Amino acid sequence: MKLFNTHTHTNNSVDCKALPIDMCKSAINAGLSGIAFCDHCHGGNYITHRTYSVLKGSMQDAKLMASQFEGSLEVLAGAEFDEILWSPEYINRLIESSPLDIVLASVHRVRTNLDPNYISRVNFSAYTNTQLREHAKSYFEDVLETAEKCDFDVLSHLTLILRYVRGSHKLDLDLAEFMPIIDKTLKVLISREKALELNSSEFENIGFMPDAEILKRYRSFGGELVTIGTVAHKPKRIDYGICEAVQLLKDCGFDSYYYYKNRQPQKISFE
Ligand SMILES: [Zn+2]
Ligand SMILES: [Zn+2]
């Protein structure tokens, strides 16, 4: 069975030092069939973040690597657009004018008066429980609105806020009160024929994002399109949790997963 990692980064992303060629070599060594470079293209403060040049640099590298490794590794041109809701016209123009294989949509910053900074930097430990739940509610609302309104192929790391609340700050956050909005998001993805990413980057820490319960709900609503992404920022993380993610999908009743090429879903059936 083909193993595809549709969420990796390269040194085009400001938080990644890995050379594209090293990511490719590591992918081949790990036995992967393909990877997608999905560098950070920020919708918030896109000029300061050099969103345009990150996108162009990443696409150029993907093209170069695709030809260099032709026959041994499929290298796809992708992008991870976050905070699309902050600059929808600009981001949509970028997406429309770029021949991408896969477009990820994600939320790293929340439109909230509490703290609109990256959720990786929010001091959740200083919050009251009410504030924590309020911030989480705003996060899931932004994710839902992104799913409803934006142009993308795959919704990335649906439950990312848990990485910081549970992982970094060791705080408890029960998702039960957010399940109606999560269910709505899953149903929107299904009706718009967008994929859900199964993100393995924290599977040994806080678990998969999203977890088995949410995957099973998505499946029960008729969801089929799932991609697998490790969020590798380092060559050694290129296949981190992919086999475990495949097993989890099987356990949750899926018979396949997907990658994207020319923005079209490509099915990989489980054997
Ligand atoms: Zn992300
Ligand atoms: Zn990412």
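So the values come out like this:
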read-out	value
Mean residue ellipticity (222 nm) of the chain, computed from DSSP H runs ≥ 4 via -39,500 (n - 2.57), nearest 500	-10500 deg cm²/dmol
Note, ³J(HN,Hα) from phi for region 110-125, Karplus 6.51, -1.76, 1.60, rounded to Hz, x at Gly and Pro	10, 7, 9, 6, 5, 5, x, 6, 4, 5, 5, 10, 5, 8, 4, 5
Size of charge dipole - region 187-245 - debye, nearest 20, with Cβ of Lys, Arg +1 and Asp, Glu -1, no other charges	200 debye
Members of Lys149/Lys261; Lys216/Lys236; Lys137/Lys250; Lys25/Lys216; Lys17/Lys137 lying beyond 27 Å, as alpha-carbon distances in this model show	Lys216/Lys236; Lys137/Lys250; Lys25/Lys216; Lys17/Lys137
The chain: antiparallel DSSP beta bridges as a percent of all, rounded to 5	25 percent
For region 212-265, fraction of C-alpha pairs farther apart than 18 Å, in %	39 percent
5 Å-binned pair-distance histogram of region 1-54 (Cα, whole percent)	4, 20, 25, 20, 13, 9, 6, 2, 0
Contact order relative to length of the chain, as percent, for alpha carbon pairs under 8 angstrom and 6 or more apart	20 percent
Among Ser33, Ser156, Ser200: highest mean-square fluctuation, GNM of the chain, C-alpha pairs under 10 Å	Ser33
Alpha-carbon centroids, region 179-200 and region 1-64: separation in whole Å	24 Å
Region 30-109: GluC sites (Glu not before Pro) falling in loop per DSSP and having at most 15 other Cβ within 10 Å	Glu70
The chain: Cα Rg divided by the 2.2 N^0.38 Å rule of thumb	0.94
GNM flexibility winner over the chain from Thr146, Thr128, Thr230 (Cα, springs under 10 Å)	Thr128
Euclidean distance between Cα centres, region 229-260 to region 99-171, Å	21 Å
Long-range HN-HN contacts of Glu74 with modeled amide H, under 5 Å	Gly34, Ile35
Surface per residue (accessible, 1.4 Å probe) for the chain, Å²	43 Å²
Charge dipole (region 4-269, unit charges on Cβ, about Cα centre) - positive-most of His40, Phe124, Thr230	His40
Percent of Cα-Cα distances greater than 19 Å, calculated over region 91-146	40 percent
Student exercise, the chain dipole from Lys, Arg, Asp, Glu Cβ charges, in Debye to nearest 20	300 debye
Cα lying deepest toward the dipole's positive end in the chain, options Ala66, Ile268, Ser106, charges on Cβ	Ala66
Of His233, His157, His40, the one that fluctuates the most in a GNM where the chain has Cα springs shorter than 10 Å	His233
Region 198-271 - percent of accessible surface contributed by carbon and sulfur, probe 1.4 Å	43 percent
Radius 12 Å from Cβ of Lys267, net charge of other residues (Lys, Arg +1; Asp, Glu -1)	0
Residues Ser120 and Asp151, FRET efficiency given R0 of 22 Å [Cβ-Cβ distance, rounded to 0.05]	0.30
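The values are calculated or read from the model by the stated rules, or taken from the named source; none is laboratory data. Being a predicted model, the structure only gives us computed values, none of them experimental. Neighbour counts are summed over all protein chains in view; Cβ atoms, including those assigned to glycine, are modelled from backbone coordinates with ideal geometry. Quick note on the areas: whole protein, heavy atoms, side chains included, nothing else; ligands and nucleic acids left out. Shrake-Rupley method; radii C 1.70, N 1.55, O 1.52, S 1.80 Å.
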